[in-house]
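Written below as structure tokens is the structure these notes are about.
The values are calculated or read from the model by the stated rules, or taken from the named source; none is laboratory data. Owing to the predicted nature of the structure, the values given are computational and were not obtained by experimental measurement. When we count neighbours, we look across all protein chains shown, and the Cβ atoms used for this are built from the backbone with ideal geometry, even at glycine. All accessible areas refer to the heavy atoms of the entire protein, side chains included, with ligands and DNA or RNA removed. Shrake-Rupley method; radii C 1.70, N 1.55, O 1.52, S 1.80 Å.
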Amino acid sequence: MGQKMDDLSRIPVNQCPKVFVQRDYTNGTQLAFTTKFPQELEGKIDVQTFQKTVTKLNAMYEEAETLSGKTYCESCLACLTAYLSYICISTHYEQMLKKIRAYVNEQNQNVYQPRGLLLIDPVERGLRVLEICILTEQAGGR
């Protein structure tokens, strides 16, 4: 823990201990992560900050998967153009994934990295888990 925060970017993420926040299937297959605070993060980040991040991510994924007139029109246009329209336009889902990526980056800069943590975009893990790397420790050195 004696490292400066500037040095954290030099620690390989694959050598850091990881905390995995599992998907929450209480509402079926809707994409959401559990807001239960992992014990491994105790003393590294407060419960409210962690839950605020996960709740916001869950809300953004819910918005991405919500059907609307816009998504219906996108689908109809795709069918009419033999899906060539997807070359020219980003779908609502793709736009939301970009917003989520930006939110994860913002949270890392303002909240997680100053605390020696790194939040990994769930898309990089196939939307199966929310991964948090503990940058202040080496793997196996808990």
In whole Hz, the Karplus estimates of ³J(HN,Hα) for region 57-71 (6.51, -1.76, 1.60; θ = phi - 60°; x where Gly or Pro) are 4, 4, 5, 5, 5, 4, 4, 5, 8, 6, 7, 8, x, 5, 5
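Can you give the FRET efficiency for Glu94 and Glu62, using 1/(1 + (r/R0)^6), R0 = 25 Å, r = Cβ-Cβ distance, to the nearest 0.05? Kindly include the intermediate steps, with their values, before the conclusion.
Working: r = 16 Å, r/R0 = 0.65.
The pair Glu94/Glu62 has a calculated efficiency of 0.95.
With all protein chains present, how much of the accessible area of the chain (probe radius 1.4 Å) comes from carbon and sulfur, to the nearest whole percent?
Values: 4660 of 8710 Å².
Reported share for carbon and sulfur atoms: 54 percent.
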Across region 23-142, how many lysine pairs, 8 or more apart or on two chains, come within less than 24 Å at their alpha-carbon atoms?
13
Any chance you could give the angle, 0 to 90 degrees and rounded to 10, that helix 92-107 forms with the longest Cα principal axis of the chain?
20
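For the chain, what does -39500 (n - 2.57) per DSSP helix run (n ≥ 4), summed and divided by total residues, give at 222 nm, in deg cm²/dmol to the nearest 500?
Values: 4 runs with 51 residues, N = 142.
Result for the chain: -11500 deg cm²/dmol, rounded to the nearest 500.
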Could you work out how far apart the two model spin labels at Ala82 and Asp24 are, taking each label as a point 7 Å from the Cα in the direction of the beta carbon, and quote it in nm?
4.5
